[in-house]
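Novice: To start, I am sharing the structure in question, which I have written as structure tokens.
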Amino acid sequence: MATEAPARGGYLDILRAPHAARLLAGTLVGRLPNGVGPIALTLFVRDQGGSYTLAGGLIAAYGVATAVGQPLLGRAVDLKGQPRVQLPAAVLSALGMALLALTGIGHLGLAYVAVVVAGLFTPPLEGGLRALWPSVLGREDRVHRAYAMDAVAQEVMFTVGPLLLTLLVSLWSPAAALLVINLLGVLGALAVVLSEPSRTWRSAPREAHWLGALRSPGLLALLGSFFFVGLALGSITVAAVAYADDRGTPSVYGWLMAALGLGALIGGVTYGARQWSGAPERRLRVLVLFLAVCYLPLVLTPGPVAMSALAALAGVFLAPVLACAFIVVDRHAPRGTVTEAFSWLVTTFGVGSALGSAVAGPAVELAGTVAGFAVAGAGGLVALLVLLATGRVLHVPAAPETPGAEPRHAVGAGAPTSVHTEKNTH
């Protein structure tokens, strides 16, 4: 995994490209409802006098519906284009949350229907943005840097989003906050789909196959690994709550999560500031190795200051792993399935995170906080083992990446076709 000279212009070079800043900002705002969904639902249910059990049930229903909807909507985007899918989905998702906010939890059946609709129609803006970068930025090295910027921006959103939600709740109410956040989500999606790149983007012609993107063995291997990366991250959130309870200081949880996000932010900025040579599949294995190793010290559970430092260390390789994974998805997605492939990554990661939270809870109750963090370490190690075991499947017989080169249109005979030809005319 060799490094080249520092990338020319860094992230500013990306943001100066026509439409790039608008697409990134619109996507982040459009994803706010999903990013703060679990927190918003918890605050709303508690404000209505509901139990944490009900809040958990609604969050679970919302999460499952989102996991189901993302790849299906991603496939629809590949077939029909972005505006015809993204905007109607955003509106329907917002209407689902509006129904919950306006009717409350008095009718449980209606409440569950509302969150399922909201989750099922969450627009696949994340996968859609990554499908647009090649047509907006052109050169392959710029696209890869944009993937790193995308990973960094996610950390910013997951930090700023809860703060914005808390502000809205303090100014008005959880119900009003739910409405405003989802209105912002629609406006974000609108900003994306009205842009020229989104309106003119068309997926490459695809082979008709019921498995869609999942017929790629390389993509399946990556999804298997990222399921366990998500499991590790989800278990950390639960273990961190237990750690804060052990210390008798609830605010420690916030510090640990902030440190985790700060580490990811630093790692993402550092990773994106370099140009990387060599196959990204090989680089991903090295990054996941470092990610797994950095999760292991969390089981030491030292004092809050040292634990915050360990949490920051645990976050350092998360954004680089995500950024590198986006490149690997791009290389292995079958022709014409790019949005669906990226949406599968989002779904797999989210399902893994949910399972990690579910596993860490009993682990903490049975064996204490250390066991919760041990789940994270185990998840990281299994993610690495999956990549090592599927190394042959993930191999792409392509020429080494050359910084500054034009995007590839194919990655070798018999290999999946690259998606850098996605922008076509009507």
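The values are calculated or read from the model by the stated rules, or taken from the named source; none is laboratory data. Computed from a predicted model, the values in this text were never measured in an experiment. Because the Cβ atoms are built from the backbone with ideal geometry, glycine has one as well, and the counts that use them run over all protein chains shown. We work out accessible area using only protein heavy atoms, side chains counted, and drop any ligands, DNA or RNA first. Shrake-Rupley method; radii C 1.70, N 1.55, O 1.52, S 1.80 Å.
Novice: What size of dipole, in debye to the nearest 20, comes out for region 148-269 about its Cα centre when the only charges are +1 on Lys and Arg C-beta atoms and -1 on Asp and Glu C-beta atoms?
Specialist: Details: 5 positive and 6 negative charges, 68 e Å.
Roughly 320 debye for region 148-269.
Novice: Pick from Trp255, Trp276, Trp172 the residue whose mean-square fluctuation is largest in a GNM of the chain, springs joining Cα atoms under 10 Å.
Specialist: Trp172
Novice: Over the chain, give the accessible area per residue in Å² for a 1.4 Å probe, as an integer.
Specialist: 39 Å²
Novice: Count the net charge of all other residues whose Cβ sits under 13 Å from the Cβ of Glu126, scoring Lys and Arg as +1 and Asp and Glu as -1.
Specialist: Neighbour charge sum, excluding Glu126 itself: 0.
Novice: Hey, of (1) 26.5; (2) 24.0; (3) 21.7, which did the structure itself give for Kirkwood radius over Cα pairs in Å when calculated?
Specialist: Recomputing Kirkwood radius over Cα pairs in Å here gives the entry labelled (3).
Novice: Moving on. Note down the magnitude of the dipole of region 255-392 about its Cα centre, charges +1 on Lys and Arg C-beta and -1 on Asp and Glu C-beta and zero elsewhere, to the nearest 20 debye. Write down the numbers at each step before the final one.
Specialist: On the way: 7 positive and 4 negative charges, 97 e Å.
Around 460 debye, computed over region 255-392.
Novice: Just want to confirm a number: the relative contact order over region 1-150, from Cα pairs under 8 angstrom separated by 6+ residues, in percent. List each step's numbers first, then the result.
Specialist: Numbers: 143 pairs, mean separation 46.8, N = 150.
Over region 1-150, the number comes to 31 percent.
Novice: For region 324-364 and region 44-94, what is the separation of their C-alpha centers, rounded to whole Å?
Specialist: The distance from the Cα centre of region 324-364 to that of region 44-94 comes to 16 Å.
Novice: Choose one answer from Asp78, Asp13, Asp150: the residue with the largest mean-square fluctuation in a GNM of the chain with alpha-carbon springs under 10 Å.
Specialist: The residue with the greatest mean-square fluctuation here is Asp13.
Novice: Among Gly138, Gly49, Phe158, which residue has its Cα positioned farthest towards the positive end of the charge dipole of the chain, with +1 placed on the Cβ of Lys and Arg, -1 on the Cβ of Asp and Glu, and the dipole taken about the Cα centre?
Specialist: The listed residue farthest towards the positive side: Gly138.
Novice: Follow-up question, since we're still on this one. Can you compute the charge dipole magnitude of region 72-228 about its Cα centre, using +1 on each Lys and Arg Cβ and -1 on each Asp and Glu Cβ, nothing else charged? Give it in debye, rounded to the nearest 20. Display every interim value, and only then the final one.
Specialist: Working: 11 positive and 8 negative charges, 77 e Å.
Charge dipole, region 72-228, about its Cα centre: 380 debye, nearest 20.
Novice: Set Lys and Arg Cβ to +1 and Asp and Glu Cβ to -1, take the dipole of region 279-407 about its Cα centre, and tell me which of Ala309, Val382, Gly372 lies farthest positive.
Specialist: Val382
Novice: Still on this structure, please answer the following. If you take every residue apart from Val77 with its C-beta less than 10 Å away from the C-beta of Val77, what net charge results, scoring Lys and Arg +1 and Asp and Glu -1?
Specialist: On the way: positive: Arg75, Lys80, Arg84; negative: Asp78, Glu340.
Surrounding charge for Val77 is +1.
Novice: Moving on. What residue among Gly248, Gly380, Gly26 shows peak mean-square fluctuation when the chain is described by a Gaussian network model with Cα springs under 10 Å?
Specialist: In this elastic network of the chain, the residue with the biggest mean-square fluctuation among Gly248, Gly380, Gly26 is Gly248.
Novice: Carbon and sulfur: what percent of the chain's accessible surface (1.4 Å probe)?
Specialist: 71 percent
Novice: Still on this structure, I have one more. So for the chain, taking the charge dipole from beta-carbon charges (+1 Lys/Arg, -1 Asp/Glu), which of Leu179, Ser225, Leu12 sits furthest toward the positive end?
Specialist: Leu12
Novice: A further question follows. Mind checking which helices in the chain clear 27 Å along their axis (Cα) and have mean Kyte-Doolittle hydropathy of 1.6 or more, DSSP H runs only?
Specialist: Numbers: long enough: 52-80 (40 Å, 0.82); 83-103 (30 Å, 1.38); 140-171 (45 Å, 0.70); 174-193 (29 Å, 2.36); 217-247 (46 Å, 1.32); 251-272 (32 Å, 1.27); 338-367 (43 Å, 1.11); 369-389 (30 Å, 2.24).
Those that clear 27 Å and a mean of 1.6 are 174-193, 369-389.
Novice: Let me ask something else about it. Give the relative contact order (percent, whole number) for region 223-368; include only Cα pairs under 8 Å separated by 6+ residues.
Specialist: Normalised by residue count, the contact order of region 223-368 is 49 percent.
Novice: With n ≥ 4 as the cut-off for DSSP H runs, can you work out [θ] at 222 nm for the chain, using -39500 (n - 2.57) per run divided by the number of residues, rounded to the nearest 500?
Specialist: Calculated at 222 nm, the ellipticity per residue is -25000 deg cm²/dmol.
Novice: Next question, about the same structure. At a threshold of 8 angstrom on Cα-Cα distance, excluding pairs fewer than six apart, so keeping six or more, what relative contact order does the chain reach in percent?
Specialist: 27 percent
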